[in-house]
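The values are calculated or read from the model by the stated rules, or taken from the named source; none is laboratory data. Note that the structure is a prediction, hence the values are computed from the model and not measured. Neighbour counts run over all protein chains shown; Cβ positions are idealised from the backbone, glycine included. For the accessible areas, the whole protein counts, side chains as well, though only heavy atoms, and no ligand, DNA or RNA atoms are used. Shrake-Rupley method; radii C 1.70, N 1.55, O 1.52, S 1.80 Å.
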Amino acid sequence: MNAMQPFSHQAKTTQFILNNKRCLITSDPGTGKTRSVLDAYAQRKKGKMLVLAPLSILQASWGDDIEKFQPKLTYSIAFAKNRKAAFSSDADIVITNHDAVKWIIKNVRVLNKFDTICIDEFTAFKNRTSQRSKVLKRFIDEFKYRIAMSGTPNSNTIQDMWHPCLLVDDGDRLGRLFSKFRDEMCTNLPSMYTRFGTWEDKPDAEERVAALINDINIRYQLEDCIDMPERITTQLYVDLPDRIRAKYLILQEDSVLYTGKATINAIHAGAKVQKLLQLCTGAIYDQDGVAQGIHKERYKLVIDLVAERKHSLVAFNWSHEKEYLTELAESMGINYAVIDGSTPASKRGEIVNHFQSGQLQVLFAHPQSAGHGLTLTKATTVIWSSPTYNAEHYEQFNGRIYRAGQNKKTEIIQIAARNTWEIEVYEKLETKLTKMEDLLGILTNLHQLAKTG
């Protein structure tokens, strides 16, 4: 018997997996979904299990949780350099990254001893036309038991749910044709940017999808299963210097800005907003990918906030932000580490351990690289040095500190330049989260009704 007993909601999730050959787990980030999957597999174990997960958490989440909760299970992590050996090993569980599906389809015989697949963060396969999605669909039939999980399942639109559900149940609930699903759940609206228009979710789309997938979905809210401390969100503003404000207005009106070193062109509205946001953060990248430095004022605010707190997690979106932040941290003698796309998987685990043991005052991280699986509850504050458009990244990144194990009040601080697009981006971000939370709320209610009924 494992000395560390699962929470009640984890045990119920484990039983749900055992009762359903195909299932979706949409419980909040931080509720311990990984353990429930491992416990269920350990009880039902017949064939081997394949785990597809973000590269950053292959060891930090899955490997560590196996060692902690199911040490009798063996596992192998398949990186690009050792995939053949990992799949050929006698390990009960093979853990690999999402894009490894492209290698697997060319070597599909390696799956002959597998009967279970777990897709961690199934939003990686939400785009039905992406290469990885098409490839996974080609060999998903190899698995008798299919599990897909994400705490942020429809971060942008209800359309995000269709392909992950197709992978799990072969289209039994949301249909086998995406066009038919989209026609039923969305409305086509005219757009000045595309002759095909844009698709907007119908008002009842969340309710209808939730009802359709209810029998294979289980969801728990973090606050409902763990006594969580208060979390607050605040927004702090910085003023653009006059010279930057002038450049901002020029770029906003003319889509072209001359910095004195390079000319940057914004071809369409989306690119223009991106350039405007880059300008707010202190740099614009030219056509060669070189950052044209402009100002650093906001980073002084971020570092001042870090200096006032024992442990913080800071999100950055561009490399020049990382450079400015680390430069200031060093000048102030602040102990820090960085996690981004260049951080090796082995180093990530070391950084997390150092942070959780209190050796680091701040961790600077890119949301895409540190937004899944990592537990960083030593921090009580997340500081967004600039906004992201990606609601999934936003919610998952905040979930690094607001999860099981957190026993202190937490805060999310959004940094925005006054009278700029940044403020509107945060507003749109909250709108996306509201729509995502609409579906999650409905799923939670249906799950509660199922329990009482």
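Residue 448 fulfils the conditions (1) at positive phi; (2) more than 13 Å from the chain's Cα centre (by Cα) except for a single criterion, (1). Would you mention how many residues in the stretch 263-293 are open to solvent by 60 Å² or more (accessible area, probe 1.4 Å), of a type in the set (S, T, N, Q) and modelled with pLDDT under 70? The number of residues fulfilling the criteria is 1. Among the residues of the stretch 373-430, those that are outside any loop (DSSP other than H, G, I, E, B), closer than 15 Å to residue 152 by Cα and of a type outside the set (Gly, Ala, Ser) comprise 392, 393, 394, 395, 396, 397, 398, 429, 430.
Checking residue 84 against (1) under 26 Å from residue 169 (Cβ atoms); (2) at pLDDT 95 or above; (3) not aliphatic (A, V, I, L, M), only one condition comes out false. Which one? With (1) under 26 Å from residue 169 (Cβ atoms); (2) at pLDDT 95 or above; (3) not aliphatic (A, V, I, L, M) applied to residue 84, the lone miss is (1).
Looking across the stretch 301-338 at every residue that is out of contact with any Phe, Trp or Tyr (no Cβ under 7 Å at 6 or more places or on another chain) and of a type in the set (Ser, Thr, Tyr), the one that is nearest to residue 284 (Cα to Cα) is identified as 319.
Inside the stretch 41-52, can you point out the residues that are surrounded by fewer than 24 Cβ atoms within 10 Å (Cβ to Cβ) and in contact with a helix residue (DSSP H, G or I) (Cβ under 7 Å, 6 or more places away or on another chain)? Once the filter is applied, which keeps residues that are surrounded by fewer than 24 Cβ atoms within 10 Å (Cβ to Cβ) and in contact with a helix residue (DSSP H, G or I) (Cβ under 7 Å, 6 or more places away or on another chain), the stretch 41-52 yields 43, 44. Considered as a group, the residues in the stretch 294-332 that are among the small types (Gly, Ala, Ser) and more than 28 Å from residue 409 (Cα to Cα) include one that is most open to solvent (accessible area, probe 1.4 Å), and that residue is 331.
Residue pairs whose Cβ atoms lie under 8 Å apart, sitting 6 or more positions apart in sequence or on different chains, and linking a residue in the stretch 370-393 that is closer than 20 Å to residue 35 by Cβ to a partner that is in a strand (DSSP E or B) and not aliphatic (A, V, I, L, M), are 372/120; 373/120. When only residues in the stretch 71-86 that are in contact (Cβ under 8 Å) with a residue 24 or more places away in the chain and over 25 Å from the mean Cα position of the chain (by Cα) count, which is surrounded by the most Cβ atoms within 10 Å (Cβ to Cβ)? Only one residue tops the list, namely 73. Being touching a His at 6+ places or on another chain (Cβ under 9 Å) and part of a helix (DSSP H, G or I): is that true of residue 368 here? Spelling it out, residue 368 is indeed touching a His at 6+ places or on another chain (Cβ under 9 Å) and part of a helix (DSSP H, G or I).
Considering the stretch 388-407, the residues that are farther than 19 Å from residue 348 by Cβ, open to solvent by 30 Å² or more (accessible area, probe 1.4 Å) and not aromatic (Phe, Trp, Tyr) include one that is modelled with the highest pLDDT, namely 395.
Among the residues making up the stretch 333-358, a single one is loosely packed, with under 15 Cβ neighbours inside 10 Å and touching a residue at least 60 places away in the same chain (Cβ under 8 Å): 346.
Within the stretch 417-430, being charged (D, E, K, R) and either within 17 Å of the chain's Cα centre (by Cα) or open to solvent by less than 10 Å² (accessible area, probe 1.4 Å) (or both) holds for 422, 430. The strands (runs of 3 or more DSSP E) found entirely in the stretch 280-345 that carry 2 or more residues being at negative phi and hydrophobic (A, V, I, L, M, F, W, C) are 283-285, 312-315, 336-339. Do the conditions hold for residue 65, that is, is it buried (at least 16 other Cβ atoms within 10 Å of the Cβ) and touching a residue at least 60 places away in the same chain (Cβ under 8 Å)? Criteria not met by residue 65. Inclusion of residue 414 among residues that are among the polar types (S, T, N, Q), over 25 Å from residue 161 (Cβ atoms) and surrounded by fewer than 20 Cβ atoms within 10 Å (Cβ to Cβ) is not warranted. The condition (being hydrophobic (A, V, I, L, M, F, W, C) and surrounded by 21 or more Cβ atoms within 10 Å (Cβ to Cβ)) is satisfied by just one residue among 376, 433: 376. Taken over the stretch 148-167, the residue count meeting the criterion of being closer than 13 Å to residue 212 by Cβ and touching a Gly at 6+ places or on another chain (Cβ under 9 Å) is 3.
Selection of the stretch 201-248 for residues being hydroxyl-bearing (Ser, Thr, Tyr) and more than 25 Å from the chain's Cα centre (by Cα) yields 237, 248.
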